1. Any chance you could list the semi-axes, whole Å, largest first, of the equivalent ellipsoid that the Cα gyration tensor gives for the range 101-156, using √(5λ)?
2. Checking the a/c ratio against 1.5 first, then a/b against b/c, what shape does the Cα gyration tensor give for the range 1-91?
3. Count the net charge of all other residues whose Cβ sits under 15 Å from the Cβ of Ser116, scoring Lys and Arg as +1 and Asp and Glu as -1.
4. Could you name the aspartates and glutamates in cross-link range of Lys13, using Cα to Cα under 17 Å and dropping any fewer than eight places away on the same chain?
5. If I fit a long axis through the Cα atoms of helix 131-149 and take the longest principal axis of the Cα atoms of the chain, what angle between them do I get, 0 to 90°, rounded to 10?
6. Report the label-to-label distance for Arg115 and Val57 in nanometres (one decimal), using points 7 Å from each Cα along the Cα→Cβ vector.
7. Given the Cα-Cα distance of Asn46 and Ser123 and 0.36 nm per residue of separation, how much length would full extension add, in nm?
8. Treating cross-link reach as a plain straight distance, find the lysines whose alpha-carbon is under 17 Å from the alpha-carbon of Lys15, omitting any fewer than eight places away in the same chain.
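Only the coordinates and a few stated rules stand behind these numbers; no lab work does. Because the structure is predicted, anything quoted here is derived from the model rather than measured. Using ideal geometry, Cβ is built from the backbone for each residue, glycine included, and neighbour counts are taken over all protein chains shown.
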Amino acid sequence: MIEVNLICVGKIKEKYINNGIDEFTKRLKPFCKFKIIELKERGNDNNRDDSIKKECVDIQKILEKLKGYTVLLDVSGEHISSEKMSKKIEGLTVNGVSRINFIIGGSYGVNDSIRSISNYRLSFSKMTFPHQLMRLLFLEQLYRWFSITNNIKYHK
């Protein structure tokens with residue numbers, strides 16, 4: 001079974017977002033070993049670049065331990081359909097990838113050090129979403145991708 005990790009910065013404070021995350025985490029159990037790795041938000045409005053740098057160092061440390069295929073959720077990444085992303089994940093598993101690590105940066109984003117070590121950069125939209133809400137959107141899409149691959153009615 002494929003292992004999927006979501007590396008993200010910051011805690012979820014809103015109950016409705018946590019409820020959605022819990023629901024999709026349950027739905028994912030038949031398809032993958034899913035884990036959320038939550039890193040400390042180091043947001044500092046006085047020194048934005050320093051905050052980004054510290055958060056990216058934390059992300060890099062986790063990636064060094066986990067290894068695997070890395071997907072950065074990035075507004076400047078590729079825009080693709082749910083069907084195409086489902087095929088991409090299926091192709092990775094067929095080619096022997098056993099772990100996929102997805103990254104959602106903090107409220108200030110990530111720097112080029114994370115972009116350069118990512119295998120793929122995926123954009124959900126040209127719009128910017130709060131990183132906490134993005135976590136829920138990601139989980140819904142992850143479930144959708146597995147639903148497409150496994151011909152589960154959820155997708156349509």
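1. Details: eigenvalues 124, 39, 15 Å².
Calculated on Cα positions only, the semi-axes equal 25, 14, 9 Å.
2. Values: a/c = 1.73, a/b = 1.41, b/c = 1.23.
Prolate.
3. Details: positive: Lys53, Arg115, Arg121; negative: Glu64, Asp74, Asp112.
For residues surrounding Ser116, the net value is 0.
4. Here the aspartates and glutamates satisfying the reach criterion relative to Lys13 are Asp22, Glu23, Glu38, Glu41.
5. The helix 131-149 is inclined about 20 degrees to the chain.
6. Reported label-point gap for Arg115 and Val57 is 2.2 nm.
7. Numbers: separation 77, 0.36 × 77 = 27.72 nm, distance 2.80 nm.
So the chain would gain 24.9 nm between Asn46 and Ser123.
8. Within the straight-line cut-off, Lys15 pairs with Lys26.
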